[in-house]
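Coordinate-derived values only; no laboratory data. Quick caveat, the model's predicted, so the values are computed rather than measured. Please note: Cβ atoms are built from the backbone with ideal geometry, for glycine as well, and neighbour counts cover all protein chains shown.
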Amino acid sequence: MTIGQAAAAASRVDAATQYLSAATQFAPHALREYALLADGERGILVGPRGDFVWMCAPRWDSEAVFSALIGGSGGYAVTPTHTRFVWGGYYEDRSLIWRSRWVRDTGIIECREALAFPGDPNRAVVLRRIVAVDGDVQVRVALDARAGFGDLPMHELSSRDGVFTARTGPLRLRWSGAATAHTLADGTLETLIEVREGAHHDLVLELSDRPLSHDGVDPQIAWRATERAWADAVPAFADTLADRDAQHSYAVLRGMTSAGGGMVAAATMSLPERAEQGRNYDYRYSWIRDQCYAGQAIAAAGALPLLDDAVGFVAARILDDGPDLKPAYTITGSAVPDERTLDLPGYPGGSAKTGNWVNNQFQLDAFGEALLLFGAAGRLDCLDSVHWRAVVAAVSAIEKRWGEPDAGIWELDNSRWAHSRLACAAGLRAIAPLSPASQSAKWSQLADMLVADTTRDCRHPSGRWQRSPEDARIDVALLMPAIRGAVPAEDPRSRATLEAVRVELADQGYVYRFRQDDRPLAESEGAFSLCGFLIALADHQQGNELAAVRWFERNRAACGPPGLFTEEYDIGQRQLRGNLPQAFVHAVFFETAHRLTQPWS
């Protein structure tokens, strides 16, 4: 082989290595390793190699432009070129500004990452700042934007004055800070960036479904505006059981709440709750129940903007649809699309599904949760005349439909679920004292009737609540009637229910929703993260303070380094399961962190 042939062969090897890097660096990680960037209108999951593996644009429920998380093409990575490094990272206080951190043998690199906040509904601005913390650094940057869940590669690609522009599906793209990027065989733009010790280098990616302005984004201005906006958006909570974590959960909830007030249940879709069991869903929509949980949780800290968001969004949906209220909507208030399967491998152990069949369900408890939300807001003087119209409409819906079977809190087969009726009773009791005397008495009587009806067919022979007239099992959701005030804490049914949950549904400090079958609890599903905080509230209500704190501390550790909760936690493998992050878990964690520091009232 001549010297020229050897050089050509080396060049081919180098090119193949670069292509392999771009194609494989977006492979999925365990969920505990992902951080969330969010601006209210959309979110990004970023992994330990600085890899963006999930982003839907322009909105939460749009088709993904980075979909490697579920086996699609497309991602955006900033990764150290050195093969030997360890990963870490942290959120800057009171924000969803994330710093990926890599420690090498000879230095330290950070990449500061954020979606410009607050977000524009039509345009995402992704900010990335490579920082040479210790020593000179080199990183590989790869961008492969592909709309349509990976089906639509970049095209009309051009570069002018070091700024790339392109199209992908309905989206326009502009990328600055990577002037030396070149195109690989698969269409990925890739470059190496070197940064001297103590310096930084900015990358800015814009994605929009409308024409981009002629002026690009100044990263200095965008970073300062984002820092200020997060500082203004997230209060510096004090006197909770976990101040920093409470602030973080508020930031997560704020990041998942759009300018119109709609909060997505989760940032992702199709992440399996249990490997190869078919339980993977699309949660990129606003569930009425979840939004009410979030609003009630925020009310524990005071009259904050997220409470107003929840009240406004839920009230609008009730006024629009009345007794035909859907369990979930898009964040703009439109109908959730029906479920369909994508031709993608899915996250390992799951399958790729978009949309949700929730439109076909009736969930009675949503009306009760709405009244609980309105009651919490009313006690803080946060209800106006429009909201009171929604209150009356919600009560009317309960009067009309309380006797019907419904899908219940866990969205199962229709039954006359005890929790659904008792949630409505709790909501009526919460709003009645704030109402005119004539309405107050009537609504209180309706609550009494619902409790009596549930007692008639859902009081277990042992004295506790049972799930439904046909299902005698215990269910963690049955702790909520006492927590929310449908029945007193000292009621024998409340105390017997709490004891049954402890005995039958708890394991190693974690709690399951209900016993699915005769198998051990952990063989049928993961521990339910929400439930660990509910039992903490229930024990606190009963005066069992040490037990309450134990539940709280055990379950707040059921997350990864970025501090994000999923729906379930696999206690055997200590892994997160389901969509990430799950908003209602962060909401009830936030509430518990506040309530456990105060006497129950």
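Pairing the Cα long axis of helix 529-541 with the longest principal axis of the chain, what angle in degrees results, from 0 to 90 and rounded to the nearest 10?
Once rounded, one gets 40 degrees.
If amide hydrogens are placed 1.01 Å from N in the peptide plane, which non-local residues have theirs closer than 5 Å to the one on Gln575?
So Gln575 has HN proximity to Asp570.
Any idea what % of Cα-Cα pairs in the range 57-112 are farther than 13 Å? Write down the numbers at each step before the final one.
On the way: 1076 of 1540 pairs.
Considering the range 57-112, 70 percent of its Cα-Cα pairs are separated by more than 13 Å.
Using only Cα atoms, tell me the angle between helix 492-505 and the longest principal axis of the chain; keep it within 0 to 90° and round to the nearest 10.
Taking the Cα atoms of the chain, the angle to 492-505 is about 40 degrees.
With an 8 Å Cα cut-off and a minimum separation of 6 or more residues, compute the relative contact order for the chain in percent. Mind dumping the intermediate values first?
On the way: 1426 pairs, mean separation 74.0, N = 601.
Relative contact order for the chain comes out at 12 percent.
Compare the peptides 126-138, 199-211, 231-243 by average per-residue count of other Cβ atoms within 10 angstrom and give them in order, highest first. Present the calculation step by step, with values, prior to reporting the outcome.
Details: 126-138: 19.5, 199-211: 17.8, 231-243: 15.9.
Result, highest mean Cβ count within 10 Å first: 126-138, 199-211, 231-243.
With each pseudo-label sitting 7 Å past Cα toward Cβ, what's the Thr341-Thr180 distance in nm, one decimal?
4.7
Using modelled backbone amide H atoms (1.01 Å from N, in-plane), which distant-in-sequence or interchain residues come within less than 5 Å of Val511's amide H?
Phe528, Gly532
What length, rounded to one decimal in nm, is gained on full extension from Arg574 through to Ala259, with 0.36 nm per residue of separation minus their alpha-carbon distance?
Details: separation 315, 0.36 × 315 = 113.40 nm, distance 3.55 nm.
Gain in length upon complete extension: 109.9 nm.
If R₀ is 51 angstrom, what is the calculated FRET efficiency for the pair Thr83 and Gln439, using the beta carbon separation as r and rounding to 0.05?
Details: r = 69 Å, r/R0 = 1.36.
After rounding to 0.05, the efficiency reads 0.15.
Take each of the peptides 115-124, 430-439, average the number of other beta-carbon atoms within 10 Å over its residues, and list them starting from the highest. Don't jump to the answer; show the numbers that get you there.
Details: 115-124: 20.8, 430-439: 16.3.
The packing order, highest mean first, is 115-124, 430-439.
Determine, for each peptide in 74-84, 33-43, the mean count of other beta carbons within 10 angstrom over its residues, then list the peptides with the highest first.
On the way: 74-84: 20.4, 33-43: 25.5.
Listed from highest to lowest mean packing, they are 33-43, 74-84.
Show the residues, 5+ positions off or on another chain, whose built amide H is closer than 5 Å to the amide H of Val336.
Result for Val336 returns Thr330.
Before rounding to the nearest 500, sum -39500 (n - 2.57) across all DSSP H runs of length at least 4 in the chain and divide by the residue total; then give [θ] at 222 nm in deg cm²/dmol. Mind showing how you got there, number by number?
Working: 15 runs with 208 residues, N = 601.
Result for the chain: -11000 deg cm²/dmol, rounded to the nearest 500.
Relative contact order of the range 323-428: what whole-number percent is it, with Cα pairs under 8 angstrom and at least 6 residues apart?
29 percent.
Each residue of the range 357-374 in order: what ³J(HN,Hα) in whole Hz does its phi give by Karplus 6.51 cos²θ - 1.76 cosθ + 1.60, θ = phi - 60°, with x for Gly and Pro?
Whole-Hz 3J(HN,Hα) from phi for the range 357-374: 7, 4, 4, 8, 10, 10, 10, 4, 4, 4, 5, x, 5, 5, 5, 4, 4, 5.
May I ask for the percentage of alpha-carbon pairs in the range 196-326 that lie more than 24 Å from each other?
Counting pairs separated by more than 24 Å, the tail of P(r) holds 51 percent.
Using all Cα-Cα distances in the range 295-405, what percent lands in each 10 angstrom bin from 0 up to the longest?
For the range 295-405, the pair-distance distribution reads 14, 38, 28, 16, 5.
Alpha carbon centre of the range 407-478 versus the range 136-180: separation in Å?
Cα centroid of the range 407-478 versus Cα centroid of the range 136-180: 54 Å apart.
Under the Karplus relation 6.51 cos²θ - 1.76 cosθ + 1.60, θ = phi - 60°, what is the ordered set of whole-Hz ³J(HN,Hα) values for the range 389-402, x standing for Gly and Pro?
4, 5, 4, 4, 5, 5, 4, 4, 5, 5, 4, 7, 10, 4
Count neighbours as other Cβ atoms within 10 Å of each site's Cβ, and list the GluC sites (Glu not before Pro) in the range 377-471 that are DSSP loop with at most 11 such neighbours. Let's see the in-between values first.
Details: sites: Glu399, Glu411, Glu470; in loops: Glu411, Glu470.
Qualifying residues, ordered by number: Glu470.
For labels at Ala522 and Arg196 in the simple 7 Å Cα→Cβ model, what's the distance in nm?
A separation of 5.5 nm, rounded to one decimal place.
Sorted from fewest to most neighbouring beta carbons within 10 Å, what does the list Thr257, Thr191, Thr226 look like?
Numbers: Thr257 26, Thr191 16, Thr226 21.
Exposure proxy ranking, most exposed first: Thr191, Thr226, Thr257.
If you wrap a convex hull around the C-alpha atoms of the chain and split its volume per residue, what is the figure in Å³? It would help to have the intermediate numbers written out before the result.
Values: hull volume 95.5 nm³, N = 601.
Spread over its residues, the Cα hull of the chain gives 159 Å³ apiece.
For the range 469-481, take each phi angle, set θ = phi - 60°, evaluate the Karplus expression 6.51 cos²θ - 1.76 cosθ + 1.60, and give the result in whole Hz per residue in order, putting x for glycine and proline.
Values per residue, Gly and Pro as x: x, 9, 10, 7, 5, 7, 8, 4, 4, 6, 6, 6, x Hz.
At q = 0.09, 0.10, 0.11 Å⁻¹, what log₁₀ I(q)/I(0) does a Debye calculation on the Cα points of the range 3-232 give, no solvent, two decimals?
-0.34, -0.43, -0.52
May I ask you to sort His214, His460, His155, His419 by Cβ crowding, counting other Cβ atoms within 10 Å and putting the fewest first? Show your work: numbers first, answer last.
Values: His214 5, His460 18, His155 10, His419 27.
Fewest-to-most Cβ neighbours within 10 Å comes out as His214, His155, His460, His419.
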